[in-house]
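Peer 1: Sharing a structure, written as structure tokens. Questions coming.
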Amino acid sequence: MEKHLHVVCLDVPYPADYGGAFEMFFKIKALHKEGVKIHLHCFEYGRGTPEILNNYCSDVKYYKRMEGHKGLSMKLPYIVSSRANPELLENLKKDNYPILFEGVHTTYYLHEDALEDRRVFIRLHNAEYLYYKQLARQSRNLWKKLYYLNESRLLYKYEKEIASKASILAISLKEEKKFKEEFKAQKVRHLPAFIGWDFPLCKEGVGNFCLYHGNLSVAENEKSAAWLLKHVFNDLAIPFVVAGKNPSHHLEKLAHSQQHTCLVANPSEREMQDLIQKAQINILPAFSETGIKFKLLNAVFCGRHIVVNDQMSNGTHLESACHIGVNADAFKSLLSQLYRKPFDEEEIRLRENLLHHFYNNQENARELIKWIW
């Protein structure tokens, strides 16, 4: 019997150029490969209508997101209320197929109890209320800080409410635990992230620089890069490269203030992958504990040695592939030890094992299919 599934995406999942899109796109590909007929629904607000999605979906529908003041609500989080679209509900109600909501962002009609008779699943990309609380802490703009705090308050109430209305698929062990313990969710499981690698692309040998990479217009990523420049590479004379999208003038100035540090702004996807593979050490501290960071997955399956803190690696199944430091001094010590240490075949086998056991797209797609049907 054919298996049909509605997948409602918070954004257009292609190109797979940021964490959420990456996860959604490779999940769609894996489900398609297992024979699932996917009816895809996307909120489109600037990423276009890529033809490639038609290769993996029976049909694709696009909806406008109500941006700005039109999408605001006093009672609901903006990320949810701005994605209320009657046409989406109308299309979901044309049949009785199960529904996979990608992110709490897309669950407005679940909150409205308009889908009470349906099998409904929510893919958690984050504990969103925590994510917004951390954004508030990191923002230097007063109005943004107030907006993030209010969104976090609304998201806490909202996530608590919908936790009992659907089966929850947590992207990391941290979110699974949080929804079970804090929101008393009865139907919650951990489903590892879907990734774009079938085998590790790591290079053996020794590189000649350390790398931090990420979208540098994101406050948390700028904070991480600045922390490394100020507190780790301030007196550690090892070549260090910061690379990513749209860095601030402040970060560029900071990166070029020392002879052994520099910044690569807006590298192409190919250039970024080249940097990740050629680096001797990928250094990825984090200052928030939500979700799973796709830059860590990229470094694990494409890079050599990796140095992180607990906030980055905890609950990801990737801890065994990482060297974990608790503060700037621990980072300096690890970098000094690893900078000239060859990356060998044994390390690559460890990462193959992680791919086989935890990040195997087809195995995880088959598990998802069992849960849904």
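The values are calculated or read from the model by the stated rules, or taken from the named source; none is laboratory data. Computed from a predicted structure; not experimentally measured. Virtual Cβ from ideal backbone geometry, glycine too; neighbours counted across all protein chains shown.
Peer 1: Provide a single number: the residues in region 210-238 that are outside any helix (DSSP H, G or I) and over 19 Å from Gly325 (Cα atoms).
Peer 2: Residues meeting the conditions: 5.
Peer 1: Being assigned to a loop (DSSP other than H, G, I, E, B), surrounded by 15 or more Cβ atoms within 10 Å (Cβ to Cβ) and more than 19 Å from the chain's Cα centre (by Cα) narrows it down to one of Phe183, Phe199, so name that one.
Peer 2: Phe183
Peer 1: Here's a follow-up. Could you please find all residues in region 56-103 being free of Cβ contacts under 8 Å to residues at least 24 places away in the same chain, of a type in the set (Lys, Arg) and surrounded by fewer than 16 Cβ atoms within 10 Å (Cβ to Cβ)?
Peer 2: Lys64, Lys70, Lys93, Lys94
Peer 1: Hey, could you check region 202-225 for residues that are over 19 Å from Ala21 (Cβ atoms) and touching a Ser or Thr at 6+ places or on another chain (Cβ under 8 Å) and say which is surrounded by the most Cβ atoms within 10 Å (Cβ to Cβ)?
Peer 2: Tyr212
Peer 1: Could you list, in sequence order, the residues of region 273-297 that are within 13 Å of the chain's Cα centre (by Cα), of a type in the set (S, T, N, Q) and buried (at least 23 other Cβ atoms within 10 Å of the Cβ)?
Peer 2: Thr290
Peer 1: Could you give every pair whose Cβ atoms fall below 7 Å, whose first residue belongs to region 32-54 and is under 16 Å from Gly20 (Cα atoms), and whose second residue is surrounded by 14 or more Cβ atoms within 10 Å (Cβ to Cβ) and among the polar types (S, T, N, Q), counting only separations of at least 6 or pairs across chains?
Peer 2: Short answer, once both residue conditions are applied: His41/Asn91.
Residue-wise test of (1) part of a loop (DSSP other than H, G, I, E, B); (2) over 26 Å from Glu220 (Cβ atoms); (3) touching a Phe, Trp or Tyr at 6+ places or on another chain (Cβ under 9 Å); (4) assigned by TED's automatic domain parsing to the domain that holds Val12.
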site: Val80; (1), (2), (3), (4): no, no, yes, yes
site: Glu90; (1), (2), (3), (4): no, yes, no, yes
site: Asp117; (1), (2), (3), (4): yes, yes, no, yes
site: Ile122; (1), (2), (3), (4): no, no, yes, yes
site: Lys160; (1), (2), (3), (4): no, no, yes, yes
site: Leu169; (1), (2), (3), (4): no, no, yes, yes
site: Lys178; (1), (2), (3), (4): no, no, no, yes
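Peer 1: So which helices (runs of 4 or more DSSP H) stay within region 294-373 end to end and still have 1 or more residues that are out of contact with any strand residue (DSSP E or B) (no Cβ under 6 Å at 6 or more places or on another chain) and closer than 28 Å to Val36 by Cβ?
Peer 2: Qualifying helices (runs of 4 or more DSSP H): 294-302, 345-357, 361-372.
Peer 1: Given the structure, is Gln277 modelled with pLDDT of 95 or more and assigned to a helix (DSSP H, G or I)?
Peer 2: Values: modelled with pLDDT of 95 or more: yes; assigned to a helix (DSSP H, G or I): yes.
Yes: the conditions hold for Gln277.
Peer 1: Still on this structure, I have one more. Counting just the residues of region 67-86 that are among the charged types (D, E, K, R) and more than 14 Å from Glu44 (Cα to Cα), which one comes out modelled with the lowest pLDDT? First the steps, then the outcome.
Peer 2: Here is the first cut: in region 67-86, the residues among the charged types (D, E, K, R) are 67, 70, 75, 83.
Filter once more, so that each one left must be more than 14 Å from Glu44 (Cα to Cα): 70, 75.
Numbers: Lys70: 81, Lys75: 92.
Filtering first and then ranking leaves Lys70.
Peer 1: Still on this model: Looking at region 104-121, which of the residues that are of a type outside the set (A, V, I, L, M) and modelled with pLDDT of 95 or more is surrounded by the fewest Cβ atoms within 10 Å (Cβ to Cβ)?
Peer 2: Arg119
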